[in-house]
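Enquirer: Got a structure for you, written out below as structure tokens; questions coming shortly.
What follows draws every value from the coordinates through simple rules; no lab data is involved. This structure is a prediction, so every number in the text was calculated from the model and none was measured. Ideal geometry is used to build each Cβ from the backbone, glycine not excepted, and the neighbour counts take in all protein chains shown.
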Amino acid sequence: MSKVRVRFAPSPTGGLHIGGVRTVLYNYLFAKKNGGDFIVRIEDTDQTRFVPGAEQYIFDCLKWCGLMPNESTINGGPHAPYRQSERKHLYKQYAEQLIKDGFAYYAFDTPNELEQMRIDFKTVDNPLPQYDGKVRMQMRNSLTLSADEVKKILDENTRHVVRIKMPAEETISFTDMIHDEVSFNSSLVDDKVLLKADGMPTYHLAVVVDDFLMEITHAFRGEEWLSSAPVHILLWKYLFGLEHMPQWAHLPLIMGPSGKLSKRDGVKYGFPVFAINWPQTTAEKNLKTNEFTDGFKEKGFLPEAFINLLALLGWNDGTEQEIYSIEELIENFSIERVHTAGAKFDYEKAKWFNHEWIKKLPVSNYQQRVKELFVSKNVKINDDAHFKKILDLVKERCVLLTDFFDQAVFFYQPPIVYDEESIKSKWDDAKHDFFKELTSKYNGISDWNLNLIEGEFKALATEKNIKIGELQMIFRIILVGSKIGPGVFVIAEYIGNTETISRIDNALINFSLF
Ligand code: GLU
């Protein structure tokens, strides 16, 4: 068998959403599992939809996810160029070959004529007539005009396109790796444009030609492309022979809370839909269309968790296992176990994966990202080793990386506000005196350690006959501002003697105002 070669073929038109990254992932896993190559080809033949920066963004996403290709526009390869606009000269000959063989034709219809066709052929049964077998012989094309007329029009350089001539009443079938046998009636498919007036191929021609030239063996793409498959199958048959055609796998849709997951669901339901922030959507679009939510990265996801949750959106290995490293995914993945039904995206479950990965990975894996978060919020981290210890202390409590800030900032700065509600009813003179006295006790400790901090506290509480639980809760609010964080004596130990005393003193002033 020839070497496995798969491709991800994005159009650079915007942010890379969950579905796109899952397509990358399944391509990548399949390639790695089979010792094959993963290719990224940029499909930018539709110049009207081209968005500057989108290509770079795609590679930034792949880099963050750790799913880098073997061949692409950025790392080259034996089939370069990998950007279709730079391959423009390659496609025309295939369109001409199709015309010569009677499988395609030149069409000269103007936009007005096309509009008129849609009016003339409109019926109750066919409200949206397409350019197909029913209408093509009434239009201006190389099937209806004489050879001389066609030559004249072409010689005059009149704008024209090339269309495929869909056969009548033919059953077009293929075996999909996920959907098994899939069949289409050729009469229901329109005569798609293959070569546009600007000389660029459409996606339909370019994808087939490039999959052939790049020796692609397996083509995975979203299920939304299934309806285009009959055109692609015919092109394969007409141009290269079906025996060279890659095996297709149309991946199930990803479903949101209300139908197919869309970009807008992000804003509507408050969860990320893009892998990383799509720069174009931040400032301008955010204001204009309110379409922006943070990417998974910015929201505080680890790439390991993101990959893991995407892998399970539409696949499982038949066991109860849910947590997989990329190596385990490569080992266990099989395209045959991808589901046919749409996969439901559940943000709560997505966060569960992240929590598991935060706990599972050593802090050193994400310490730098968390440090950047602290620095961006003007909290200086001078001692990385100490910072690491703190992150270890609180990691169990963090679902997203961004949670580390609230869970650990009090190790670096005193609370600015206090959870008044929780202490108001508990605060009285006896408690005030307890904490006042505690400061003198703590002042006297020269060897500041957990045992002594806790020991002095409990001894004083017993002496004063005040409930330890209430005092501990208040002590936590004194040190942290709220009820979160690891053991309160551990916090005191970490922030040190002087800082603990200073926070008690501050709180006594603030609490006296209640
Ligand atoms: N260029 C198509 C897209 O934007 C790729 C479809 C395919 O993989 O064949 O999704």
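Enquirer: Give a residue-ordered list of calculated ³J(HN,Hα) values for the stretch 388-397 (Karplus: 6.51 cos²θ - 1.76 cosθ + 1.60, θ = phi - 60°; whole Hz; x for Gly, Pro).
Expert: These are the phi-based 3J(HN,Hα) values: 4, 4, 5, 4, 4, 5, 10, 4, 4, 8 Hz.
Enquirer: The stretch 53-144: which trypsin sites (Lys or Arg not before Pro) are DSSP loop and have at most 12 other beta-carbon atoms within 10 angstrom?
Expert: Passing sites in the stretch 53-144 are Lys122.
Enquirer: Now for a different question. According to the square roots a ≥ b ≥ c of the eigenvalues of the Cα gyration tensor, what is the shape class of the stretch 410-486, taking rounded for a/c under 1.5, prolate for a/b larger than b/c otherwise, and oblate for the remainder?
Expert: oblate
Enquirer: Related question: For the stretch 199-335, rounded, prolate or oblate, judged on the Cα gyration tensor with a ≥ b ≥ c (square roots of eigenvalues), a/c < 1.5 rounded, else prolate if a/b > b/c?
Expert: Cα axes put the stretch 199-335 in the oblate bin.
Enquirer: Given the DSSP H assignment, sum -39500 (n - 2.57) over each helix run of at least 4 residues in the chain and divide by its residue total; what's the result at 222 nm in deg cm²/dmol, nearest 500? Display every interim value, and only then the final one.
Expert: Details: 22 runs with 228 residues, N = 514.
-13000 deg cm²/dmol, from helical runs alone.
Enquirer: Between the stretch 446-467 and the stretch 170-188, how many Å separate their Cα centres?
Expert: So the separation of the two Cα centres works out to 77 Å.
Enquirer: Still on this model: Run the quick spin-label model on Ile330 and Asn465: label points 7 Å from Cα toward the beta carbon, then report their separation in nm to one decimal.
Expert: It is 7.0 nm.
Enquirer: Using the structure shown, list the pairs from Lys134/Lys196; Lys297/Lys458; Lys32/Lys388; Lys380/Lys458 with a Cα-Cα distance above 32 Å, or answer none.
Expert: In this structure, Lys297/Lys458; Lys32/Lys388; Lys380/Lys458 lie more than 32 Å apart at Cα.
Enquirer: For the stretch 24-124, with only Lys/Arg (+1) and Asp/Glu (-1) charged at the beta-carbon, what is the dipole magnitude about the Cα centre, in debye rounded to 20?
Expert: I would put it at about 380 debye.
Enquirer: Count the net charge of all other residues whose Cβ sits under 11 Å from the Cβ of Ile323, scoring Lys and Arg as +1 and Asp and Glu as -1.
Expert: -3
Enquirer: Here's something else I'd like to know. Amide H neighbours of Leu251 under 5 Å, counting only residues 5+ apart in sequence or on other chains, H built in-plane at 1.01 Å?
Expert: Counting only residues 5 or more places away or on other chains, the set is Arg221, Gly222, Glu223.
Enquirer: A further question on this structure: Take the alpha carbon gyration tensor of the stretch 67-186, find the square roots of its eigenvalues, order them as a ≥ b ≥ c, and report rounded if a/c is under 1.5; if not, report prolate when a/b exceeds b/c, else oblate.
Expert: Here the stretch 67-186 falls in the oblate category.
Enquirer: Also, quick follow-up: Which whole-Hz ³J(HN,Hα) couplings does the stretch 463-479 yield from phi under the Karplus relation 6.51 cos²θ - 1.76 cosθ + 1.60, θ = phi - 60°, glycine and proline marked x?
Expert: Per residue, the Karplus-derived 3J(HN,Hα) values read 4, 8, 6, 10, 4, 4, x, 4, 5, 5, 5, 5, 4, 4, 5, 4, 7 Hz.
Enquirer: OK, next. Just name one of Ile58, Phe345, Trp427: the one whose Cα is farthest towards the positive end of the charge dipole of the chain (beta-carbon charges, Lys/Arg +1, Asp/Glu -1).
Expert: My answer, from the dipole projection, is Trp427.
Enquirer: Just to check I understand the Karplus step: with θ = phi - 60° and J = 6.51 cos²θ - 1.76 cosθ + 1.60, what whole-Hz values come out for the stretch 176-186, glycine and proline as x?
Expert: 8, 5, 10, 9, 6, 6, 10, 10, 9, 8, 4
Enquirer: Would you please state the base-10 log of I(q)/I(0) at q = 0.13 1/Å for the chain, with intensities from the Debye formula using one equal scatterer on every alpha carbon?
Expert: Treating every Cα as an identical point scatterer, log10 I(q)/I(0) equals -1.25.
Enquirer: Based on the Cα coordinates of the stretch 300-459, what is the per residue volume of their convex hull in Å³?
Expert: Values: hull volume 30.7 nm³, N = 160.
Value for the stretch 300-459: 192 Å³ per residue.
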